[in-house]
Amino acid sequence: MKILLLLLATLLFVNSFNSSQESPELQEASTLNDSAVKLFNQGKYDQALAPAKRALEIREKLLPRTDPRISSSLTNLGEIYLAKKDYKAAKEVYLRLLQVQEELFGPEDVNLAYTLDRLALVYYVAGNDRETETAYKRALALREKSLGPNNVQVAQSLFALGEFYRFRRKLEPALENYRRSLKLYGKLTGVMTREFERASDGFACLGYDHRKPELWKELSEIRNQLAGRDAADESESVSVLNGKALSLPKPEYPGNAADRRLTGMVVVKVEIDETGSVIGARDMCQGPPFLSEAAVAAAWRARFSPTTIDGQPVKVRGIIQYNFTTRFK
């Protein structure tokens with residue numbers, strides 16, 4: 001199942017308390033928490049789980065329910081479960097955390113937004129669209145109320161909603177949220193940032209998903225308007241490169257895709273260096289599994305004539321479209 005792209009860092013919280021003022025048991029919990037953080041950041045999620053659980057157990061035994069150290073432990077444990085893809089356990093932890101935060105801050109506090117984002121993710125994986133939408137909308141409303149409409153975190157919430165609606169093939173609400181996120185990112189971070197690129201990719205993918213090429217023109221207009229007159233020529237312009245390749249190897253149709261009778265289009269975004277070689281390739285729109293991997297592998301083998309500006313070769317980005325059809329046996 002496709003996972004929503006969230007602009008949220010998966011980081012565990014280190015202890016911010018003076019452990020010298022804690023009891024021996026709470027000092028042990030702090031040490032366990034530090035160990036869990038270290039193991040998590042090393043990608044050792046299975047090993048991180050036991051100390052994180054034990055730290056939470058000690059803190060819940062000795063501290064009031066709303067003590068920030070318990071919230072920290074719950075957050076850490078939820079992140080570990082997410083990294084392990086144990087979504088059922090992650091959901092239980094984040095629901096507990098949300099209850100604690102509502103008691104501590106109240107139901108309208110922006111501190112709840114991060115937890116709601118995480119809950120939206122686990123609801124999405126479980127196929128619970130209504131709960132996913134509700135959690136994302138609540139997080140957005142909290143951020144808009146507390147931070148104001150012109151805030152990067154608001155843009156992040158809008159982007160997450162746009163992604164959710166796109167994956168559920170709901171064109172109009174996806175467009176509305178992508179447009180708002182693009183305008184905020186363009187205003188607050190600029191059009192050359194990773195955040196703006198992600199939102200642009202999602203908007204462009206709507207055009208591919210719904211066969212609406214007019215959306216690509218709209219995206220270009222939005223980008224140029226936000227870049228400003230002087231910078232418009234420098235803003236990223238991504239074109240379809242299928243007909244411009246010197247060599248465009250066809251992807252192999254994977255056997256495991258044939259077993260599942262998979263067909264469809266994969267849109268690969270590539271970066272091409274000054275010599276015409278592909279130096280970056282990724283599935284921009286999260287196409288069908290197995291077909292996606294085959295398309296990206298083929299894109300890496302493509303070759304292009306160098307692109308020049310004022311006679312000088314430059315790096316460029318573009319799109320390669322791969323359409324998979326097959327005769328099933």
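Each residue in segment 176-222 was checked for being among the small types (Gly, Ala, Ser) and on the phi > 0 side of the Ramachandran plot, and 1 pass.
I'd like to know if segment 267-281 contains one or more residues that are assigned to a strand (DSSP E or B), surrounded by fewer than 16 Cβ atoms within 10 Å (Cβ to Cβ) and of a type in the set (A, V, I, L, M). Yes. Please work out if Tyr178 is farther than 29 Å from Thr307 by Cα, aromatic (Phe, Trp, Tyr) and assigned to a helix (DSSP H, G or I). Taking the combined requirement at face value, the residue satisfies it. One residue stands out among those in segment 219-235 that are at pLDDT 50 or above and within 25 Å of the chain's Cα centre (by Cα): the one that is nearest to Lys187 (Cα to Cα), which is Leu226.
In segment 182-217, how many are among the polar types (S, T, N, Q) and buried (at least 18 other Cβ atoms within 10 Å of the Cβ)?
Total meeting the criteria: 1.
Output the number of residues of segment 113-148 satisfying the condition of being more than 21 Å from Val93 (Cβ to Cβ) and either of a type in the set (S, T, N, Q) or at pLDDT below 95 (or both). Qualifying residue count, segment 113-148: 1.
Looking at Asn111, Asn150, which one is without any contact (Cβ under 8 Å) to a residue 12 or more places away in the chain and over 16 Å from the mean Cα position of the chain (by Cα)?
Asn111
Being buried (at least 16 other Cβ atoms within 10 Å of the Cβ), of a type in the set (A, V, I, L, M, F, W, C) and not assigned by TED's automatic domain parsing to the domain that holds Ser200: is that true of Val122 here? Yes.
Taken over segment 120-136, the residue count meeting the criterion of being out of contact with any Leu (no Cβ under 7 Å at 6 or more places or on another chain), touching a residue at least 24 places away in the same chain (Cβ under 8 Å) and assigned to a helix (DSSP H, G or I) is 7. Could you please find all residues in segment 59-114 being among the hydroxyl-bearing types (Ser, Thr, Tyr) and surrounded by 15 or more Cβ atoms within 10 Å (Cβ to Cβ)? Passing the criteria: Ser71, Ser72, Ser73, Thr75, Tyr81, Tyr87, Tyr94, Tyr114.
The values are calculated or read from the model by the stated rules, or taken from the named source; none is laboratory data. Everything quoted here is computed from the prediction, not taken from an experiment. Every residue, glycine among them, receives a Cβ derived from its backbone with ideal geometry; neighbour counts consider all protein chains shown.
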